[in-house]
Structure formats: C-alpha cells, structure tokens
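Inspection log for the structure reproduced underneath, given as structure tokens.
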Amino acid sequence: MSKILSLFFSISLLLLSTNLVSANSNLKIISRDQWWADEQYRYWNSTYWTDIFKKRAANSLAANKRWASYSEEKKDSLTAKSKISSAKTNKMNAYLTNNFYEDIKITDTQRYDWENKLAWQYSRTNYVKNIVIHHTESDYKSSAQWIKDIYRYHSINKQWWDIGYHYIIWYDGEVYEWRAWWDYVIASHDTWNNRSTVWISIMWNYNDEHLNTTQYNSLKKLVSHLTKTYWIDLNTKVPYHKECFWTNCKNWLDTTYYYPIVGHQDGKATSCPWEHVYEETIPRLLKELKAETYWYKKISYTEITAQKKAYTTKINALNWIIIKKKISNFSPEWKEKLIQKLNNLLSYEIDWKKEILYRRLLEEIN
C-alpha cells in the first residue's frame, strides 16, 4: 500500500514539474463524445426507432398480404428454400460451437445504457484474437461530417443501431472511436467473425493508392495498442472463417489459420482492403510488431475485469484523507496545471492502472 501511495505522489510531482513529452509518442483516440455521436440512434424509445418500428409493422402487413396471394405451389417452394437456408445456418453455427466455442463465447450482455433501453443489445466477447483491417473505399472531404453520415447510415438506414466497426483512421492520421462500449464489445462487420475480433477501417481506396506515412504510423500505433490491450501474440496463427460454396465444403465454412492481423477479404468474398493494404501494409505491420508481442498470452474479458476491480479496490483503500489534505496545500495555479496535464494524459491510450489512478486523482482535485 505504501508503494502505491509513494507512486501516487511521485506521479503528481512529475506531472507538475515537467512538460508532457510522452503524449506525442502515444496513441490518441478521438472519442464518440468528442466527435459528437448522436447516441439517440441507439435508443429504443428515440424518434428514429419509433419510425423504424412503424415501417417494420407496415412491411410485415404487406408481406402477409403478398403471402396470402401466392399459390400453394409457390408457398411450398418458398418454405422449402427457407428450410434449406435455416439448416445451412444451423450447421455453420454448430460447427463454430463445437470447434471454436471459446472464440464465440459471450461474457456480458446489456440491454440498457443507464436508464435508456437499447434498440439492440450489446454484448462482449470473451477473447479477442484477430485484428481485422477494412477500408472505406470512397473518398470524403470532411472527417467530422463523414463520420456522422456513416454513423447514421449504419445505425438508422441499415438498422444496425450503431457503427459496424471499432475504429477509423483518417487521412491525417486521426484515430476515431466508432463502436460504442469500449474493449471486447462485439461489432457487426462479418457474420462468422464478429466475435473475438476488433475492426479498423482506413480512410481511402487502396487499389491504386498507398497509405500515407501519417496514416501508417497511426495504424501501427493502434495495432500495437490493441495487441497490448488483448495480449495478442502476432507470432501465432489463429483461425478465421469464410463462407464457402463448393460441393465438398462440409460445414459451409472454410477455416484458415492466419497470423492475427488479417484483411476483410480473409473472411468474406470481397477485395477489401484491396491490393496495397492487403499485400503490403498487413505484412509490414506483422514484420515490425511481431517481436514486441512474442511473450503475449491472450487475456479474457473476465480476467481483465477482475484485475481492474482488484486494482481499483486497492486504490480506493489508500488514505484519501491524507492525500486530499496534501492536495489542499497546492496553489490554485498548480491545481489547474495538474488538472490540465491529467486530462491531457487521459486523452491518450495509456496503461489501465495509470488511468484508474489518474481518474481518482482528478476526482480528489475537483
């Protein structure tokens, strides 16, 4: 306990007496709050979803009328096709459950965001084993406006209730948080690989173009951060699934083992993220980052949650009366300086132990 207390004051004095030089080498992610995500897109009782539910009800009535107008022969044909499709889906799900249960296991499901009922529940996966690279394909002029547009397109137009990917990297290297609910949250990007993956979309079309240096550096920082967050060893190949259609495809899914940084095309019939990213950028990332992940062993959501809870308990057990008394001796100028530096640090992706410590210190200062 005394070590933590000593560390606490050492960090406080260091922040107050030095310039913040480490932030430039760390990863800064622009949060949903900072790019003004309209969280009403996710809420069941919002006007957006009220309208969607009305349209769904109307479409259902129309579909029932069409069904009633079909001949018995057509009904039998459509029913048979539906059964075949369901049997195929069930077989694919059974294959994943029987062979890759830990990869598809869900550990946490929530249907409310505080008091707001969600239009669709969010869940967390137990492990993250793959970092998947995607691209936007199209060119956009304004990052702020386009991010809002794609958010609405995914959430409302496609009725996915949120953006399908976890992060996007802009031309100038800005990294944006896309999907809500932070680490281990399951996104919506590839039916058979939604769980146990984290997705990064890069701005631009990379069939003819290359990532600029700033984009690549941000991508490398983000991938490095994600390997640390989930303890992903880039030296070990892991399974990734792709729907197959050939006659000898036994389970309708073809499982291939790749190193953990993969492209969208590895799990779907698409050319995304196209030639230059798939054939140049991904191999380069693996080459440059493999060494730093050599001793990593994947960590589950359950394990990291328990570790954070235990550490938070330890921090809360400090003698905050003494700490608060020490803080009260700071001049207003020094308090303001410390607040600014702590907030600056917290705007970057930092070690979670430091984050817990810094946030508790901010509470006491304020």
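Put simply, of Ala310, Ala291, Ala269 the only residue that is of a type in the set (A, V, I, L, M) and closer than 30 Å to Lys91 by Cβ is Ala269. Screening Glu349 against (1) under 21 Å from Thr312 (Cα atoms); (2) without any contact (Cβ under 8 Å) to a residue 60 or more places away in the chain; (3) acidic (Asp, Glu) leaves a single unmet condition, (2). State all residues of region 325-348 that are modelled with pLDDT of 85 or more and either over 15 Å from Leu362 (Cα atoms) or more than 25 Å from the chain's Cα centre (by Cα) (or both); if no residue qualifies, say none. Residues satisfying the conditions are Ser331, Pro332, Glu333, Trp334, Lys335, Glu336, Lys337, Leu338, Ile339, Gln340, Lys341, Tyr348.
The listed residues are His241, His276, and the only one of them that is more than 26 Å from Tyr184 (Cα to Cα) and either surrounded by fewer than 20 Cβ atoms within 10 Å (Cβ to Cβ) or of a type outside the set (Gly, Ala, Ser) (or both) turns out to be His276.
Which residue is farthest from Tyr348 (Cα to Cα), if the candidates are limited to region 33-44 and must be in a loop (DSSP other than H, G, I, E, B) and touching a Phe, Trp or Tyr at 6+ places or on another chain (Cβ under 8 Å)?
Residues of region 33-44 that are in a loop (DSSP other than H, G, I, E, B), as a first pass: 33-38, 44.
Then drop every residue that is not touching a Phe, Trp or Tyr at 6+ places or on another chain (Cβ under 8 Å), which leaves 35, 37-38.
Numbers: Trp35: 15, Ala37: 19, Asp38: 23 Å.
This residue is Asp38.
Residue by residue, here is whether (1) charged (D, E, K, R); (2) crowded, with 17+ Cβ neighbours inside 10 Å holds:
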position	(1), (2)
Asp103	yes, yes
Trp114	no, no
Ala119	no, yes
Thr125	no, yes
Ile156	no, yes
Tyr165	no, yes
Tyr176	no, yes
Ile186	no, yes
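Condition first: more than 28 Å from Ile106 (Cα to Cα), exposed (fewer than 15 other Cβ atoms within 10 Å of the Cβ), charged (D, E, K, R) and out of contact with any Leu (no Cβ under 8 Å at 6 or more places or on another chain). Can you find one or more residues in region 301-318 that meet it? Looking for residues that are more than 28 Å from Ile106 (Cα to Cα), exposed (fewer than 15 other Cβ atoms within 10 Å of the Cβ), charged (D, E, K, R) and out of contact with any Leu (no Cβ under 8 Å at 6 or more places or on another chain), one finds at least one in region 301-318, hence yes. If you go through region 125-174 and keep only what is modelled with pLDDT under 90 and of a type in the set (A, V, I, L, M), you end up with Ala144, Ile147, Ile150.
Which members of region 64-119 meet the condition of being β-branched (Val, Ile, Thr) and closer than 15 Å to Leu253 by Cβ? Steps first, answer last, please.
Let us first name the residues in region 64-119 that are β-branched (Val, Ile, Thr), namely 79, 84, 89, 97, 104, 106-107, 109.
Answer for region 64-119, where residues must be β-branched (Val, Ile, Thr) and closer than 15 Å to Leu253 by Cβ: Thr89, Thr97, Ile104.
Just to be sure before I move on: is Leu338 crowded, with 17+ Cβ neighbours inside 10 Å, of a type in the set (A, V, I, L, M), in a helix (DSSP H, G or I) and assigned by TED's automatic domain parsing to the domain that holds Asn207 in the structure I sent?
So Leu338 fails the test.
Those strands (runs of 3 or more DSSP E) of region 176-271 in which at least 1 residues are within 19 Å of the chain's Cα centre (by Cα) and modelled with pLDDT of 95 or more, considering only elements entirely within it, cover 197-202, 238-243, 261-263.
The lone criterion from (1) in a helix (DSSP H, G or I); (2) within 27 Å of Cys249 (Cα to Cα); (3) of a type outside the set (A, V, I, L, M, F, W, C) left unmet by His134 is number (1).
Within the group Ile322, Ile299, Ile304, which residue is under 18 Å from Ile365 (Cβ atoms) and either assigned to a helix (DSSP H, G or I) or among the β-branched types (Val, Ile, Thr) (or both)?
Numbers: Ile299 fails: under 18 Å from Ile365 (Cβ atoms); Ile304 fails: under 18 Å from Ile365 (Cβ atoms).
Checking each option against the conditions leaves just Ile322.
The values are calculated or read from the model by the stated rules, or taken from the named source; none is laboratory data. Predicted, not measured: the structure shown is a model, and the values here were computed from it. Positions of Cβ are backbone-derived with ideal geometry, glycine not excepted, and every protein chain shown enters the neighbour counts.
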